[in-house]
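Colleague: Please read through the structure below; I'll follow up with questions.
What follows draws every value from the coordinates through simple rules; no lab data is involved. Given the structure is predicted, the values throughout are model-derived calculations rather than measurements. Here the Cβ is made from the backbone with ideal geometry for all residues, glycine too, and neighbour counts use every protein chain on show.
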């Protein structure tokens, strides 16, 4: 496997591919393969890659691997709002 990887490195260098582009290419390919292998299960894919699930979600979105799904982030209710609800409910 090391010989194959060394050959790939040589081809990338000879092809004029910069390190940041090569890292992005490898990262995208590994994420895509892990998601495919786990049939879209992000928890399983993140475990296989050795990264946190949130990192996987962020990178999948960054590389356009989110399959068109847009996850909305729920923001926690502020303490003020919770306190106000408690006061009105008690009266």
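Colleague: Between residue 43 and residue 19, what length in nm is gained on full extension when 0.36 nm per residue of separation is reduced by their alpha carbon distance?
Modeller: On the way: separation 24, 0.36 × 24 = 8.64 nm, distance 2.84 nm.
Taking 0.36 nm per residue and subtracting the Cα distance, the gain is 5.8 nm.
Colleague: Based on the Cβ-Cβ distance from residue 2 to residue 29, what FRET efficiency comes out when R0 is 22 Å, to the nearest 0.05?
Modeller: Values: r = 18 Å, r/R0 = 0.82.
It comes to 0.75.
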